[in-house]
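The values are calculated or read from the model by the stated rules, or taken from the named source; none is laboratory data. Quick caveat: nothing in here was measured; it's all calculated off a predicted structure. Here the Cβ positions follow ideal geometry from the backbone for every residue, glycine too, while neighbour counts run over all protein chains shown.
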Amino acid sequence: MSVYIIAEAGVNHNGSLQLAKELVHAAAKAGADAVKFQTFQASKLVSKHAAKADYQKKTTDAAESQLEMIRKLELSPADHLELMNECRAAGIEFLSTPFDFPSLELLTNELKLQTLKISSGDITNLPLLYRAGRSGANIILSSGISTLGDVEEALGALAFAFSANNEEPSLGAFRRAYFSEEGQARLKQKVALLHCTTNYPTDFQDVHLQKMLTLRQAFGLQTGYSDHTTGTEISVAAVALGAQIIEKHFTLDKLMEGPDHQASMEPDELTLLISQIRHVETALGMPTKIPAASELVNAAPARKSVVAAKPIAKGETMSESNLTLKRPGTGLPPSMYWNLLGKPASKEYDTDDLIE
């Protein structure tokens with residue numbers, strides 16, 4: 001199965017539907033499988049007391065509140081419908097992350113999305129996870145700022161939501177659902193986990209790609225990587241380690257005003273990344289160690305045969321002094337060398353003749 005590549009447009013449309021549409025086409029042209037936005041109602045997402053994250057203070061007006069910043073980045077339900085249609089026309093899947101209950105209902109009840117991306121910030125938001133699971137949508141869950149215990153608790157809420165029961169939601173019910181055969185089976189069918197470091201941009205020493213392998217081993221689910229580093233190499237390395245999903249922020253211009261532009265890729269970089277990922281997944285190939293068809297033609301020129309190290313008379317005893325190993329590999333293989341020692345030559349050989 002090909003690596004599923006999500007081009008994370010996020011809020012890099014700056015609240016402009018036209019800019020969002022341009023992001024859709026840039027993602028499609030780059031070869032991404034999906035373009036993802038963020039769906040929220042600012043007043044439902046952020047309280048008036050919420051401060052900006054440090055990285056947001058660096059990239060936007062530090063005196064502005066988080067609520068004021070977020071409000072300018074909100075897309076309307078009508079905008080979402082237009083973007084879905086734009087994606088359909090461009091041949092790319094539309095995805096979005098819901099950040100509040102009304103936004104979740106918009107994506108699942110009205111727009112009928114079959115897959116939801118849940119952000120790292122909501123991995124402990126069990127009520128949102130429960131409702132997302134009850135919608136029946138498949139879930140891609142980022143795991144930044146979390147422990148294995150946090151992830152297990154989140155998966156428990158989803159396992160409970162996926163199951164058919166009349167029990168009231170509770171931590172105990174979630175735990176029982178997680179450890180049930182039905183719960184585990186449903187999680188494997190419907191959930192993917194992304195390793196993530198929630199910092200923008202992420203320094204290389206904070207990536208810890210091996211945590212992706214820990215997630216796979218611990219939970220047995222489809223795993224991938226949500227990349228907040230600069231450049232392409234970490235996503236490519238994640239694919240080499242077996243990532244099945246890659247998510248990467250992108251923008252039309254890193255110099256635009258807004259919280260995420262500077263930590264995002266521009267379209268030409270996204271195109272390069274996707275090309276590199278496709279090359280790596282092709283190169284990974286199959287695990288069975290057999291020769292590639294293209295290399296078989298090089299076996300004879302590259303390998304060696306048993307040959308005469310000097311002239312050998314018929315009947316002369318073959319020994320280490322008159323036998324050696326040289327290219328090409330069209331005669332007896334080197335593994336027959338010891339079988340020949342001490343045997344009489346069946347014919348006369350000149351130097352470099354293949355031994356029969």
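When E82, E74 are checked against the criterion of being modelled with pLDDT under 95 and of a type in the set (D, E, K, R), E74 stands alone in meeting it.
When L83, L113, L104 are screened for being of a type outside the set (G, A, S), buried (at least 20 other Cβ atoms within 10 Å of the Cβ) and in a loop (DSSP other than H, G, I, E, B), only L113 passes.
Return the pairs, sorted by first residue and then second, in which the second residue is in a loop (DSSP other than H, G, I, E, B) and crowded, with 17+ Cβ neighbours inside 10 Å, the first residue lies in region 141-153 and is touching a residue at least 12 places away in the same chain (Cβ under 8 Å) and charged (D, E, K, R), the beta carbons are less than 7 Å apart, and the residues are 6+ apart or on different chains. That search, which allows pairs on different chains as well, returns D150/I123.
If you check A132, A192 for being buried (at least 17 other Cβ atoms within 10 Å of the Cβ), under 28 Å from G242 (Cβ atoms) and either over 20 Å from the mean Cα position of the chain (by Cα) or outside the structural domain of A238 (by TED's automatic domain parsing) (or both), only one passes: A132.
Would you call G342 modelled with pLDDT of 95 or more and more than 54 Å from the chain's Cα centre (by Cα)?
Taking the combined requirement at face value, the residue satisfies it.
In this structure, does A132 turn out to be part of a helix (DSSP H, G or I) and either touching a strand residue (DSSP E or B) at 6+ places or on another chain (Cβ under 8 Å) or under 30 Å from A42 (Cβ atoms) (or both)? Criteria met by A132. In region 326-340, the condition of being touching a strand residue (DSSP E or B) at 6+ places or on another chain (Cβ under 6 Å), part of a strand (DSSP E or B), surrounded by fewer than 17 Cβ atoms within 10 Å (Cβ to Cβ) and free of Cβ contacts under 8 Å to residues at least 60 places away in the same chain is met by at least one residue. The residues of region 36-50 that are small (G, A, S) and more than 15 Å from T97 (Cα to Cα), listed by number, are S43, S47, A50.
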